[in-house]
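Worksheet for the structure shown next.
The numbers here are math on the coordinates, done by the rules we state, and not lab data. For clarity, every value in this text was computed on a predicted model and none was experimentally measured. Positions of Cβ are generated from backbone atoms using ideal geometry, with glycine treated the same way; all protein chains shown enter the neighbour counts.
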Amino acid sequence: MGEFSVCQFFEDGTHEYTRQFVPAEEAVEAFRHYTNSVAVRMGMVSRVIITDGGDCTCAEWIYGKGIVYPPEWMAKN
């Protein structure tokens, strides 16, 4: 079992964990998917994050800004 989770936050204030306790590769792949989804293009998703087993944010995407964390991912955004 992995230690990473992916959560997407919606404009209405709700959120959904799309992956929980998965390996890093699966979390990053889900993060890519959920930051490029139809819901994102429709403006329904406001934020997507990856957290680790300690509940620390490992990656963050914000609608209208793109990837804001980690800094080394920002240049690739």
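For the stretch 32-71, name all the residues that are on the phi > 0 side of the Ramachandran plot and not in a strand (DSSP E or B). Explain how you work it out, then say what you get.
In the first step, residues of the stretch 32-71 are kept if they are on the phi > 0 side of the Ramachandran plot; the result is 43, 55, 64, 66.
If the condition is that a residue be on the phi > 0 side of the Ramachandran plot and not in a strand (DSSP E or B), then GLY43, ASP55, GLY64 are the ones that fit.
Whether any residue in the stretch 34-51 is surrounded by 12 or more Cβ atoms within 10 Å (Cβ to Cβ) and farther than 20 Å from GLY13 by Cα is what I want to check. No, the stretch 34-51 has no match at all.
For the stretch 1-33, a residue qualifies if it is basic (Lys, Arg) and surrounded by 17 or more Cβ atoms within 10 Å (Cβ to Cβ), and exactly one does: ARG19. Residues in the stretch 1-26 that are over 22 Å from VAL38 (Cβ atoms), among the charged types (D, E, K, R) and assigned to a loop (DSSP other than H, G, I, E, B): GLU3 only. Of all residues in the stretch 21-71, those satisfying the criterion of being in contact with a strand residue (DSSP E or B) (Cβ under 6 Å, 6 or more places away or on another chain) and hydroxyl-bearing (Ser, Thr, Tyr) are TYR34, THR35, SER46, THR51, THR57, TYR63, TYR69.
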